[in-house]
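Asker: Provided herewith is a single structure, encoded as structure tokens, for subsequent inquiry.
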Amino acid sequence: MFRKRLLLALISFVSISIGLIIYLTLRENTYIHLIVGETFCEKFYIEHSQTNQFIIFIKYYLVDFLWCLSLVFALTSILYSFSKKLIIIISFVSFILGVIFEILQYYCLINGTIDVADIIMYLIASIVGSAI
């Protein structure tokens with residue numbers, strides 16, 4: 001059981017780290033940039049085509065999948081329970097948090113633009129997370 005908990009924590013850390021790298025290298029003017037400073041982030045930014053569909057997917061949608069998956073795995077490892085019912089509840093709560101995040105964007109309470117594709121990414125991550 002300890003190994004599974006450690007593996008989930010590791011996957012959570014790797015997922016959120018990849019998302020952070022994507023934000024640092026492909027995105028501009030995000031909360032990450034505010035935290036660490038725009039000048040620091042400019043050192044890592046990678047110029048890219050705005051029309052490359054693969055880059056667009058990574059830049060705007062993969063990060064949503066990664067943070068939601070990271071949340072599911074982190075909560076599961078922290079709560080240290082692997083009952084299927086609890087994992088499904090954790091996955092559902094993670095999905096709902098993502099939807100709330102999109103609603104807050106819709107009402108301009110936080111930066112961003114509501115996007116149905118983001119909600120789909122949260123849903124897929126929650127399903128993947130509940131499959132553990």
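The values are calculated or read from the model by the stated rules, or taken from the named source; none is laboratory data. Model, not experiment: these values are computed from the prediction. Quick reminder, even Gly has a Cβ in these numbers, built from the backbone with ideal geometry, and neighbours come from all protein chains shown. When the accessible area is computed, the model is the full protein with side chains, heavy atoms only, and any ligands, DNA or RNA have been set aside. Shrake-Rupley method; radii C 1.70, N 1.55, O 1.52, S 1.80 Å.
Asker: Would a scan of the stretch 17-38 turn up a residue that is open to solvent by 70 Å² or more (accessible area, probe 1.4 Å) and at pLDDT 90 or above?
Answerer: yes
Asker: What are the residue pairs meeting all of these: first residue in the stretch 77-98, first residue aromatic (Phe, Trp, Tyr), second residue outside any helix (DSSP H, G or I) and open to solvent by less than 40 Å² (accessible area, probe 1.4 Å), Cβ atoms under 8 Å, and 6 or more apart or on different chains?
Answerer: Going by the 8 Å Cβ cut-off, there are no qualifying pairs.
Asker: Taking the conditions exactly as written (closer than 14 Å to ILE11 by Cβ, touching a residue at least 12 places away in the same chain (Cβ under 8 Å) and among the aliphatic types (A, V, I, L, M)), does VAL72 satisfy them or not?
Answerer: The answer is yes for VAL72.
Asker: A further question follows. Just to be sure I understand the filter: pairs with C-beta atoms under 8 Å, separated by 6 or more residues or on different chains, first member in the stretch 45-66 and closer than 18 Å to GLU102 by Cα and part of a helix (DSSP H, G or I), second member modelled with pLDDT under 85 and among the aromatic types (Phe, Trp, Tyr). Which pairs pass?
Answerer: Every condition considered, the pairs that remain are VAL63/TYR23.
Asker: Could you give me the residue pairs with C-beta distances under 6 Å whose first residue belongs to the stretch 110-132 and is at positive phi, whose second residue is in a helix (DSSP H, G or I) wherever it lies, and which are 6+ apart or on separate chains?
Answerer: As it stands, the answer is GLY112/GLN105, since those pairs meet every condition given.
Asker: Let me ask another. In the stretch 53-70, how many residues are open to solvent by 70 Å² or more (accessible area, probe 1.4 Å) and either closer than 13 Å to THR25 by Cα or modelled with pLDDT under 85 (or both)?
Answerer: Total satisfying the criteria: 3.
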